Every structure is written in structure tokens, then in C-alpha cells.
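Below is one structure, written out as C-alpha cells; the observations come after it.
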Amino acid sequence: MRLNFWTVVSILAWLILIVLLVIPLGSVLLSSMQDAAGNFSLANYERFFTTPRFRTAFVNTLIVGFGGLVGSLVLGSIMAFCMARLEIKGGRFVSLLAILALVSPPFIGAYSWIVLFGSNGLVRQTLMSWGFFMPPIFGMWGVLIVFSFKFYPYVYLLASGALGNINRSLEEAAESLGMTPFKRVMKISFPLVLPALSAGGLLALIHSIADFGTPRLIGRGFSVLATEAYTLYSAEIGSNLGMATTISIMLILLSMLFVFGQRYMSRKNVYHGNLINKPVKKKLTGVWNVVAHVAVYFIALAGAMPAIIAAIYSIRRTNGPVFQPGLGLDSYRRILYNLADVVQNSLVFSAATVFLTVTIGTIIGCLVARRTNVNTSSLDATLMVPYVMPGIVVGIAFVAAFNSPPFAITGTALIIILSIFIRRLPYSVRSSASALRQVSPSMEEAAISLGYSPLQAFMKVTVPLIVPGIIAGGMLSFVTAINELSSSLVLYVGSTATMPVRIYIAINDGDYGTAAALSTVLLLISGAAIYCAFRLMGRDERALL
Amino acid sequence: MAYLEVENATKVYGGAARALDGVSLSVGRDEFFTLLGPSGCGKTTLLRSIAGFIELSDGNIKLDGRRLDTVPAHKRDIGMVFQDYAVFPHLTVSENVAFGLKARKVPAADIQRRVAEALATARLTDFRDRLPAAMSGGQQQRIGLARAMVIRPKLLLMDEPLSNLDAKLRVDLRDEIRDIQKKIGIAAIYVTHDQEEALAISDRICVMSTGRIQQIGTPQDIYSSPQTLFAASFVGTMNVLQRGTDPALEASILQDAPASLSQWAIRPEHIRLGEGDLPADTIRVPGTVEKYTYLGREAHIAAKTSVGKLVVQVADPEPSLTMEQGHPVTLAFRRGHVMGFDQQGARVSLGAR
Ligand SMILES: Nc1ncnc2c1ncn2[C@@H]1O[C@H](COP(=O)(O)OP(=O)(O)OP(=O)(O)O)[C@@H](O)[C@H]1O
Ligand SMILES: [Mg+2]
């Protein structure tokens, strides 16, 4: 076989997947099927299904998964419908709030909800002093509320895009055929946005299952698989890797099950919008107009509330970890003096990750888009796996795989970078492949017929056309990378702590001022990256998903 | 004489259907050669295999005596105008046109001059610094045309270069294309499914259907003596009638035609309403009017006769002329204008006239 460029790329791609995906997953599987002495045994699985604690966690995981799904679907559909079909004042501001909800740093969200609705929460206390009883937000319902407001943007952004692209003629045709408005929505509009709804719902579901910060802070005894896995792994005494890996396997299986379920459900539903007759936004009047505005602003503000609270709390005066009346920059000063290395870690790790994902992801993306064969399709399919792996699982898997030679890299910066890299790689491959598919192949052929060699044609025509999209994708990867918490939490050691990890520690230590200030810094960095990305490729919130 | 030679070109895409099925043709050094055929008949496939973007499953192609299959696409020096324009969206109009000249290391001053010339020819001078995204489909098509012509390739391939233009610009530009082609003297293959366009500009036309050649010939050949029923009905309009509906009348029309003749055909403009003096071999067919369509320059009368439905084309009809449905008419045409075809659609001689 002749060794051409693409063969080398595909071998390297498989190598990366084997080292960073197959080996860690294999180690997880192996470790879950060994007893303490290292012999093959299914005792862990038996324990998983017989121990009430794990069974409860399993059921709870399903509850938060579907609860988060339903909540996000409800909130997201309301938002999507109002924003796509009604005239809402300040629409741009509202979608900014949705972005804020999407990128607000992990943990701080849960914390902000506690600040307002916890036992001593501001809002709760105020209401109680007026004589309204309100239970504190802790427990299952609290987790579900937080998830719904945190993950609704997935549904909202995808569904509003789909709603805005339905050819109005279709609805007009249905109207002229005598369908009632309700029937019209159920028979025409709903099936057309169903693929977007189910894709957005899936994202909400998967993130709800994987999230462990919220149940940990707000759950108060309501434990899910992700928190159990972390507790088992990180217990000071009697850390139980075997059980942690068993739970990881269950988490992966659950996520995969839902991904394939969604794919199966929407296998036939591919509609291509046509932009000739776009729907117009309707202007409501009177009560309904007020209702729509209240609903939209309530959801958007509640979703963005954690980020806003964090920004406010970050400029409160503090004395040590205790808040004082008045405003001040004490928290930022503390970051500057004590935590500069954490900020630097975050920036360096994220930049390195983005560099890796963008270069490698783009090349693999070209391979997938331009050489469609069995090899590249299975490459594309395998990349779905890191896409759905919860961060906690990736962390535990990396520990299981890489703490002994030949790959003894636990405790280094490299392991954190690689763990984020493998999770982000699928996005990068997908986005560059789809950017490439938008460039008609006859464009390159035209250059070839004008006398350029295929490589020159690629460099002179295709590359300039896809570079803005790739840089924008890189910026968005940066946002995800710098906000990544769960895998880093498993993998960090003192010198490789990142901002999200520090926020987690600060909240656990009760040092809320520092947590809020760090969150605000994160938010500003993310905002800057998103701004650059939108400048490069046009404003498109859906690219954030 | 043969400059480009295609021998037995066959292309099978993944499935079973053949996009090209044993196509052989040759094009002269400065000939304007047109591929004419309905959508999906393999025109683009043939062009792309000549340009080198797809490999033939069988057969070979020679340009100027040299086999092309070993020459990579970018060394073939064959210009191509793409059906989907393929204009580079990140380059301005003049940069698009200059693109091929830069690959050929043409001196900058020459590039400027030739680009200006090409832009003027394609009526794009006013748009030279615009980006293609801000231009209409027709304008983009002209960029593609200018870009391919400016490099003076050995062979120019044009895949429906005028399909998106309005009727007037289409006529202007097709004449322009033909004039330039003759002036710089390059061989050109032009793809269209517009039969009038094909007749107007071609030296020779190749009529294709389902991956096969139906007929190659000058526009006059193709129109006046089509060799297959497909060519006859695709180019121009044609009354096609089954043999055996009125044997007595058919005997006088077809006379001693061979038994293999199963269909016969006559063009509407060869039929007239049968009054006055007519040549000796004229045949008269009585019928009744089914429909009268007034088209300004001409009118069509659809008439029901004992041999089947016949459409008559009347040139320069009197505006006052109308015909009621059921009005009796006599249709007249000369035997010499009748064409016969066998079951498979191949032309059959009508015998001695
Ligand atoms: N990449 C491909 N894979 C499979 N079949 C193809 C491919 N490209 C073309 N075909 C098929 O080959 C046949 C010929 O296609 P071609 O594009 O050459 O038609 P065409 O004559 O140019 O049509 P049009 O006038 O619509 O452009 C069609 O039936 C088409 O469906
Ligand atoms: Mg074509």
C-alpha cells in the first residue's frame, strides 16, 4: 500500500483514539471487573445492583436526567416559540442572557441559587419575613429547577433556529386547507421542529446526567451516579477505584443509550429549511403581549442569574472568607496575590488544548469530509464516544490508565490537557468537516482546471474559505476548555489546579468572595472569546452547543 | 482533423446504471461542439471525465494525439465553466479571472491587460472589484466564463454556462462566446439542454440520451434528417404517429415502406391547411379542429384525423382567424417530409419517392 498523506492521517487518528480513548476505557472496564486481588469478577456489578445506596443513585440519575430534560424542554420551547415567532422587545439582550446561562462557570450556578433560595437565602428570608413560607431549595426539586434553568438554552437555541427556518408557505398551505391553528401546530410545525427539540433535549439530558456540581451542593443527600463515582474515587480512606469505575461504566452506558435512542427516534426526520418564505414575527397586543414578555424575561433572567449574582458578590467587601457590608475589590486582590498561578494554569492549559484540538481536529475533519469510506465513517462514529462521556468518567478513566508505566503521567499538566483534548476533539472534527462540506468540491476543481495542483488548490481556495470558521470554532473550544471542571477535579494536583477547580475548593471552604471573583474572571474571558468568535463567523449562538 | 478523441467512454457510478455507455466522438481543432440532451443523460459526466475529475470505467480520451489518462487534471490545460459556477467567494471578480493566469506565471502587466479584456467581453467591467456573494447568478456565471476563457486553454469545456441568464442576454452572450471561440481558434465543447441554443451556435451537435449518443451531425443534419426518433422529437417539435390506425390512408402516405416501420413522424411546420395549388406528391388528410392556439408569430392548430392527432403550425396567422372546435379542415403535407422509425426508434427509409 502506498503511504500517502491521508493514510498517515488516518493511522494517527486511530492511534490518538486508541491511546486516549480505548486504553482508558479498557482500563475502566478492566478495573470494574476485578476484585481486590486483581482476579476477574463481576462482584462490583453485583454490588452495584444490590446495594441500596447505588440503586438509589441510579434511580436518582434517571430522575435528574429526565427531569432536566422535561424542564429544559418546557422552558426552552416557550423561549424558542416566543423569540422566533413573536416580537419581543430587547431580543438581542435576551439571547445574550441565554449565552450567559450557557457559559456560566460550573458550581457557581448552584452556589448562587443557594445564596438566594437556601436556608438563609436572600429571597427566602425576605419572603418568610413577609409571612410566606418557602422551603429551602435543597433536595431533588432544587436540583431539577437548577438544571432546567441551566440547560434550557440547548433546547431554545436549536428549536428557535428550526422554527425560524420553517417555510411559511407550509403553514399557509395548512391554513388554506382549513386546519385549525392548534391542528396546524401539531401537524405541521411540531413535526418540523421535532428533530431540533430532540437534539436539544438530548444535550440537556446528557449534561444533567453528567453534572455533579449541582447535586453535590444542592442535593444535600440526594446523590446521583456522578457524585457517587467522585465520592468513591476521592475518599481519603478506602478509595474504591473498582466501584468508581463500575459506576463510570454505568454512566457511559446510560449516555450511549440515550444518544442512540435519540438517533433512532429522529432517523427519518431530516428537513431542510428553505429561506425563501421565512416566517414573520407576530406582534401581540394587550394581556398576551405582557404574558409573553414576562415569560421570556423571567426564564432568561433566572437562567443568567447565577452569573449576575457572581458578578455582584465578587465586588462585595470581604474580610477573609466573610462578607462585610459595602463594596470592595478584596476578592480580586486575593486572586492577584494568591491565585495568579491558577489563572495562569487555566489560560495555558486551555490554549494548549485548543491548539491541539484545532490542528488535529481540522486535519481529521478534512479526512472525514473528503474521503468517505468505511474507515472514515467508523472514525467518525468512534468519535461519538468521547462526545458523550461524562467528565468525571474521563477523569477516572485517565487515572486508571495512566498512573503506571508506560504512560505514567498522572499529576502532570499533560494529563489535564489531554483529558480536555479528547472530549473536545469530536466538536472540532465535526465543525471542520461541516465547514468543508459547505465548500463545493467544484470550487477546488475549478482551481485545478486553471492549472493549480490539488494541494495548491486546497491551500488557495479551500483553506481561506474555512479558516474563519475554524478559528471561531477554536474560540468556542477555548470557552469550554477553560470552564471544564469535572475531569480536572479528578486529575489535578496542587500545582495544576485550574480556575474551576479553585472555585469548587473555595465554595467548599466557604470562601464565597474568592469563588465569585474567580467566576467573574472566567466569565469575562469566556465572553471575550465568544465575542471574537461571533465577530469572525457572524453571530450564531447555536455554535456554542 | 480529430483534435479531441473520445473512444468508447463508459462510466458506471457505484450502482448499476451507466452514466456513460460507450460514447465515442471526435472534435476538430477549432470546432464548436455541443452536447445536447435531457437532464441526467450524462453530459456533465462526459465533460468531467475529459477535464480529468472523474476516471472512466472504460474507454480512453486523447487530446492532440496524446492519451489523457496519465495526465493529471491540472496539467491538462483544459478550461472549464462549471454548472454550479464554482466562483471563488473570497476573491473579487478580477482576482477570480486572474487566478488561472497567476498559476501560469504570466507577467503582471499581461495579466492586467488580459483580465481587463476578458471582463469587458463578459460585460463585467463595472463589477471588477466586487465580491461574488453580492452578485446575481447570471453575473457569477459570466465570471466563470471569463475565468476559463482568459487562460486560452487547449480545450474549453462549458457546462450550461448560460442557464441562468434572461433570454436576451443569453442570445447576446451565446453569439459572443461563439465569436471569441472562432477568433482565438480553440476547440470548445458546450453543454446545453436548450435545443435552439444548440442549433444557433454549434458547428456540430451531439444528441445524447441515457448515457448514449443518439446522433452527431451539423445543426442542419440533426434537424432535417434525425436518425432516431429521440433526436427527432428532442430537437424541434414533431408529430409522432403509430402505424396501423387507418391502413388505407397510411398506404398512400407510406406506400412501399418496409414492414419494420412502426411509427412515422412529420414536423408541424411541414403541414399546411390544404387549399390552393400544391405539389404533386402532396397528401391530403381530412380532420376536425380540436384546439387553436394563437402565439403571435405563429399559431398551432391541433386536429383530429383518422391517422391520429396532428399539430399544424401556421406562420404569421391573421389576427382575425379563429377556429371553432369541430370545424372541418383538410391538412396537406408532402410525402418527402415524412420520416419513418422502427420499433426501437431507429430511422427507416420510406423507400423510393
Ligand atoms: N457522483 C455520482 N454518483 C452516482 N451517480 C451519479 C453521480 N453523478 C451523476 N450521477 C448520475 O449519472 C447520470 C448522469 O449525470 P450527469 O450529471 O452527467 O447528467 P447531466 O446530463 O449533466 O444532467 P443535467 O442536465 O441535469 O446537468 C445521472 O443519472 C446521475 O444521477
Ligand atoms: Mg449537468
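The values are calculated or read from the model by the stated rules, or taken from the named source; none is laboratory data. Quick caveat, the model's predicted, so the values are computed rather than measured. Cβ coordinates were reconstructed from backbone atoms using ideal geometry, including for glycine residues, and neighbour counts include every protein chain displayed. Areas reflect the complete protein model, heavy atoms only, side chains present, ligands, DNA and RNA absent. Shrake-Rupley method; radii C 1.70, N 1.55, O 1.52, S 1.80 Å.
Quick look at the values:
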| read-out | value |
| --- | --- |
| Two-decimal Rg to Rh for region A:161-240 - Kirkwood Rh, Cα set | 1.37 |
| Under 15 Å, Cβ to Cβ, from B:A232 - net charge with Lys/Arg +1 and Asp/Glu -1 | -1 |
| R0 of 60 Å, Cβ-Cβ distance A:W141-B:S39: FRET efficiency to nearest 0.05 | 0.45 |
| Around B:F82: net Lys/Arg minus Asp/Glu count, Cβ-Cβ under 12 Å | -3 |
| Label-point separation, A:T412 to B:R29 (7 Å along Cα→Cβ), nm | 6.9 nm |
| Difference of contour (0.36 nm per residue) and Cα-Cα distance, B:S233 to B:T293 | 19.6 nm |
| Region A:446-545, relative contact order in percent, only Cα pairs under 8 angstrom and at least six apart counted | 35 percent |
| Whichever lysines have a C-alpha closer than 16 Å to that of A:K283, once near sequence neighbours (fewer than 8 apart) are set aside | A:K89 |
| Surface accessible to a 1.4 Å probe, B:D281 within the full protein complex, Å² | 60 Å² |
| Rg(Cα) / (2.2 N^0.38 Å) computed for region B:4-231, rounded to two decimals | 1.00 |
| Probe 1.4 Å - accessible area at A:F182, Å² to nearest ten | 150 Å² |
| Region B:102-163: proportion of alpha-carbon pairs further apart than 13 angstrom, % | 65 percent |
| Under the span-like rule (Cα at least 15 Å along the axis, Kyte-Doolittle mean at least -1.0), DSSP H helices of chain A | A:5-17, A:52-85, A:91-103, A:140-165, A:190-210, A:241-265, A:286-314, A:340-370, A:391-402, A:413-438, A:463-483, A:512-537 |
| Positive-end extreme of charge dipole, the protein assembly as shown - chosen from B:L310, B:G345, A:G71 (charges on Cβ) | A:G71 |
| Residue-averaged 222 nm ellipticity for chain A, from DSSP H runs of 4+ at -39500 (n - 2.57), nearest 500 | -23500 deg cm²/dmol |
| Globularity ratio of chain A, using Cα Rg and 2.2 N^0.38 Å | 1.01 |
| Inter-site label distance for A:R92 and A:I312 at 7 Å from Cα along Cβ, in nm | 2.6 nm |
| Dipole axis of region B:4-231 (+1 Lys, Arg; -1 Asp, Glu on Cβ), positive-most option in B:L173, B:P132, B:G211 | B:P132 |
| Set of aspartates and glutamates near A:K281 by C-alpha distance (under 14 Å), chain-local residues within fewer than 8 positions excluded | A:E87, A:E171 |
| Interface B:A - total buried accessible surface [probe 1.4 Å, Å², rounded to 100] | 1600 Å² |
| Sequence-distant lysines (8 or more away, or on other chains) whose Cα lies within less than 28 Å of B:K154 | A:K460, B:K11, B:K43, B:K62, B:K75, B:K102, B:K105, B:K182, B:K183 |
| Cβ-based net charge around A:I396, under 14 Å, with every Lys or Arg adding one and every Asp or Glu removing one | 0 |
| Cut-off under 5 Å, modelled amide H: who pairs with B:L331 long-range | B:G274, B:V285, B:G287 |
| Segment A:F133-A:V185, length gained on full extension (0.36 nm per residue, minus Cα span) | 14.7 nm |
| Percent antiparallel among DSSP beta bridges (both partners in the protein assembly as shown, rounded to 5) | 75 percent |
| Residues B:E324 and A:F49, FRET efficiency given R0 of 51 Å [Cβ-Cβ distance, rounded to 0.05] | 0.05 |
| Electrostatic dipole magnitude of the protein assembly as shown [Cβ: Lys, Arg +1; Asp, Glu -1; Cα centre; debye, to 20] | 1640 debye |
| Computed P(r) (all Cα pairs; region B:238-348; 10 Å bins; percent) | 14, 46, 30, 9, 1 |
